[in-house]
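Enquirer: Before we start, here is the structure in question, set down as structure tokens.
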Ligand code: SF4
């Protein structure tokens, strides 16, 4: 089985969707790399992309068109200047000229060159894309098919899995492997994870990359909590996070995202206040996500609010800012490793498994990380993940208007609060008496995913998406 680094599960990205925005963006980047590897970029006259299945059905609301333009223009996802995320696609739409890989201008008409195959689906995965590059005579130069398989992971047709085929000292394919490695080595779960990560990078590289992930999360939370206005897409949804935090007038002064997050650790909070802040923080990240903001995919964009909200709860509301850098990094490592078990044995793609694959998995990841942080045993850590997922089983993906706004934004709050509740239950339980294991719940999630009607798998054909009566204007 392919192995997955913790940095594959937590990636710096751009909203609103990991599978429908980041996946197509990454596929477009890979396609221009493929053409470049044949030294044919300068001969390309036209590029066309065909979108299938869920990508076709919700691609417009999930900014797939914009993502393809940004990818074909050669913008890297992690470092794209945020001002270009909105302006470049608008310019291409207006001028019908695209700068391929940022080097060669070609004609590009969105209506002609991005084709939506609403009723067709490619065999491997519902999020299929076919890219075609032709020369001036109309002859096909390069063609490739890619699949966006959830969480920003992309595979090319016949390429195999999205992970790497390395040999890890402590391979983790099941939750039971975690217990085995920890018991036999006498070490903690973060220690096992960090030993495995050495196959890909040094300990200090992992430390800086994880700390950078946390800094991006903090900046996203800050922007989300300090930006008002309406979200794009025509649903007329207002941002709520700044209003929800407004009553915290006793918050100490701050003038940077880092000072602001530290100020949360100085607050004296009632149970209701704590609940409100966690909910608000989860919402803040996903309002940024819905507004094409910079976010950390964790493990997907639609569910990106859960882990940062629970991490702030752990490090600032509960530990009052006394959590160390290592403890914060360990939190992220544990969350990520638990997410990778779901990715390997079930799915983190809403187009395959509904919203249980997004909010359910992020809640399980956060619950495990929080339980570890609160000094739970490894058995309690896995138990918390099991409890969090057990109560998301069967949750459908039904984004209204194909936008990652309703019900997505509030679902992040629900996932965060469930993660904290799962931790509380696990910390007060004896895991040896648990009737259901994490491996059993992962398997159940996969079977549930296969039984679910396609209407509930990120198609906007069922659930809330089909019962919402207000017409969304074309935009
Ligand atoms: S309903 Fe859930 S899975 Fe679907 S787009 Fe929204 S957050 Fe993602």
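Enquirer: R0 = 41 Å: FRET efficiency of residue 30 with residue 207, Cβ-based, nearest 0.05?
Expert: Calculated transfer efficiency: 0.90.
Enquirer: Determine the gain in length on full extension of the stretch residue 429-residue 326; use 0.36 nm per residue of separation and subtract their C-alpha separation, reporting nm with one decimal. Provide the component values of the computation, followed by the final result.
Expert: Numbers: separation 103, 0.36 × 103 = 37.08 nm, distance 2.66 nm.
Full extension from residue 429 to residue 326 adds 34.4 nm.
Enquirer: For the chain, what is the relative contact order in percent, using Cα pairs closer than 8 Å and at least 6 residues apart in sequence?
Expert: Working: 969 pairs, mean separation 86.6, N = 475.
About 18 percent, as a whole number.
Enquirer: For the ranges 130-143, 27-40, what's the packing order if you count other beta-carbon atoms within 10 Å of each residue, average per peptide, and put the highest first?
Expert: The peptides rank, most packed first, as 27-40, 130-143.
Enquirer: Further question: Extension gain residue 97-residue 176, at 0.36 nm per residue separation less the Cα-Cα distance, in nm? Could the numbers behind the result be given before it?
Expert: Numbers: separation 79, 0.36 × 79 = 28.44 nm, distance 5.35 nm.
Between residue 97 and residue 176, full extension yields 23.1 nm more.
Enquirer: Hey, what's the Kirkwood Rh for region 17-156 if you take every pair of different alpha carbons, in angstrom?
Expert: Working: mean 1/r = 0.0682 Å⁻¹.
Answer for region 17-156: a Kirkwood hydrodynamic radius of 14.7 Å.
Enquirer: What order do you get for 449-462, 53-66, 356-369, 10-23 when each peptide is scored by the mean count of other beta carbon atoms within 10 Å, highest first?
Expert: Final packing ranking: 356-369, 10-23, 53-66, 449-462.
Enquirer: Can you show me the helix-derived [θ] at 222 nm for the chain, built from DSSP H runs with n ≥ 4 at -39,500 (n - 2.57) apiece and divided by the number of residues, rounded to the nearest 500.
Expert: Computed mean residue ellipticity for the chain: -14500 deg cm²/dmol.
Enquirer: So what are the three principal axis dimensions of the chain from its Cα atoms, in whole Å, longest to shortest?
Expert: So the extents along the principal axes, rounded to whole Å, are 69, 51, 44.
Enquirer: Given axes a ≥ b ≥ c from the Cα gyration tensor, I'd like to know whether region 340-475 is rounded (a/c under 1.5), prolate (a/b larger than b/c) or oblate.
Expert: Numbers: a/c = 2.96, a/b = 1.93, b/c = 1.53.
Note, shape of region 340-475 comes out prolate.
Enquirer: Evaluate the relative contact order of region 277-353 (contact order divided by residue number), counting alpha-carbon pairs under 8 angstrom at least 6 apart; express in whole percent. Before the final figure, lay out each step's value.
Expert: On the way: 53 pairs, mean separation 18.2, N = 77.
Dividing the mean separation by the residue count of region 277-353 yields 24 percent.
Enquirer: Could you tell me which of rounded, prolate or oblate describes region 122-199, using a ≥ b ≥ c as the square roots of the eigenvalues of the alpha-carbon gyration tensor, with rounded for a/c under 1.5 and, failing that, prolate when a/b is larger than b/c and oblate otherwise?
Expert: Working: a/c = 4.71, a/b = 3.18, b/c = 1.48.
Prolate, since a/c reaches 1.5 and a/b exceeds b/c.
Rule-based calculations on the coordinates, nothing more; no lab input. Fair warning: this is a prediction, and the values are worked out from it, not measured in the lab. FYI the Cβ positions are ideal-geometry reconstructions off the backbone, even for glycines, and counts take in every protein chain you see.
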